[in-house]
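Read through the structure below, which is laid out as structure tokens, and then see the notes.
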Amino acid sequence: MNLLYPTTYAFCITFFLIFSRGTMSSSFGSEITNPSSGFAFDLYQHVIKGKEQQNVVLSPLSIYTALGLAYMGAGGRTKEEMASVLRISTNATESKESFRRLLCKYKASSMLSIANKVYVQSGKNLQPSFVEASEKVFSSEADVINFSQSDVAAKTINSWVESKTNNKIQNLIDPSNLDSNTMMVLVNAIYFKGFWKNQFRKELTKKADFWTSETESVKVDMMSNNKAHYPYGVFEDLDAAAVELPFRDEDLAMLIILPNSKTGLPSLEAKLRSMDLFKLRQRMHSEEVIVSMPKFKIEFSIELNDVLSEMGMSSMFSDNADFSGLLNSAEPLKVSKVIHKAFIDVNEEGAEAAAATGIMIARMCLILSREMVCDHPFFYALLDTKSGDIIFNGSIKRFKSE
């Protein structure tokens, strides 16, 4: 950690697919360039089922990227299902270009790093077409590994994950996840470290109530900043207000959507699936806002087999799966496990803010400062303000009592 510039925001996301031997059996949309246009909110709706009391953080971009890498070796019904859910073309050239455009804009980012890795069982060879796609489109390297030595294999993979997430995520893969039937493991890791453009001042952080219901609350460290201009909007159709907090230097920001009611998050989340994020942000205008929000840290892990099956990609987990484009052999493969793990740490620290460097355009009239106090459950998303890509999203619902 750089002690001179402590992180304001840190995310670590890891995601992996394990391919195992399948049983031999007979088997046989319009393009979208960012995962936020439907996929992200569809995924979120499925993930939060049964987690009404649990804080959530996940990365649609990480999951989308790892599935895209697997898609490069899919065929038949498996390919059709994945293309439909991922909202990409079944044409190989078009789908490769879609992912290339998605990922290339983040290669030069100083805040966001994306890494992909392919591990293949020793003695097995990858299809040349898959190698080309993984290297040229996903910048992924391939390593040979012996999965039957599960302890050594897990340690090797976990060490790579730790190196790509600044040691924030450790022991991602348990040796029990690997055995002699494991043929491939695809891993995606995303690490983000950013600094608020308008920093929260430490001296303004105070204990305050965070309401988990109409009558129950817990004391939290509530951050506040001096009033500054942010994109802001009040939405009657969502029964909520939204503010967008920019990070400095790049086109990345954190969008917070706060329900008007202390218990309004479930209703808001139900509306997110059909929400057009681009149109929502078009309805926001630069206003002077004082923002108060709690410091929070979340670790979240989920096995996504059921979620992805419910979304429409069930065949890749079955003995009818077709991943004939992965290995240079006739051996059938299926996905045995999909794991997603995320970490987020939000606080008020950061380098000196550059609030005066941008040109803020406000309405030519006298208006009082808005105040947005996030003292009850809310939804958040870290996004690319130009492309609309949702890099991370989640919700804050509760804190432990002191």
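The values are calculated or read from the model by the stated rules, or taken from the named source; none is laboratory data. The model shown is predicted, which means the values in this text are computed figures rather than measured ones. Neighbour counts are summed over all protein chains in view; Cβ atoms, including those assigned to glycine, are modelled from backbone coordinates with ideal geometry.
Within region 50-60, is even one residue in a loop (DSSP other than H, G, I, E, B), modelled with pLDDT under 90 and more than 21 Å from TYR380 (Cα to Cα)? The answer is no; no qualifying residue exists. Being at pLDDT below 50, small (Gly, Ala, Ser) and within 16 Å of VAL243 (Cβ to Cβ), is that true of even one residue in region 365-386? Within region 365-386, not a single residue is at pLDDT below 50, small (Gly, Ala, Ser) and within 16 Å of VAL243 (Cβ to Cβ). Candidates are the residues of region 262-314 that are under 26 Å from ILE169 (Cβ atoms) and of a type in the set (Lys, Arg); the one that is surrounded by the most Cβ atoms within 10 Å (Cβ to Cβ) is LYS295.
Restricted to helices (runs of 4 or more DSSP H) entirely inside region 255-333, those with at least 3 residues that are closer than 21 Å to GLU81 by Cα are 305-311. Checking ILE339, ILE290, ILE344 one by one, the residue that is within 21 Å of the chain's Cα centre (by Cα), among the β-branched types (Val, Ile, Thr) and either modelled with pLDDT of 90 or more or under 30 Å from TRP196 (Cβ atoms) (or both) is ILE344 and no other.
Within region 205-232, the set of residues being of a type in the set (A, V, I, L, M, F, W, C) and closer than 21 Å to ILE396 by Cα comprises ALA208, PHE210, TRP211, VAL218, VAL220, MET222, MET223.
Just one of the listed residues (LYS124, LYS168) is at pLDDT below 85 and charged (D, E, K, R), and it is LYS168. Listed by position, the helices (runs of 4 or more DSSP H) enclosed by region 76-182 that each have at least 3 residues that are small (Gly, Ala, Ser) and either touching a helix residue (DSSP H, G or I) at 6+ places or on another chain (Cβ under 7 Å) or buried (at least 17 other Cβ atoms within 10 Å of the Cβ) (or both) are 150-164.
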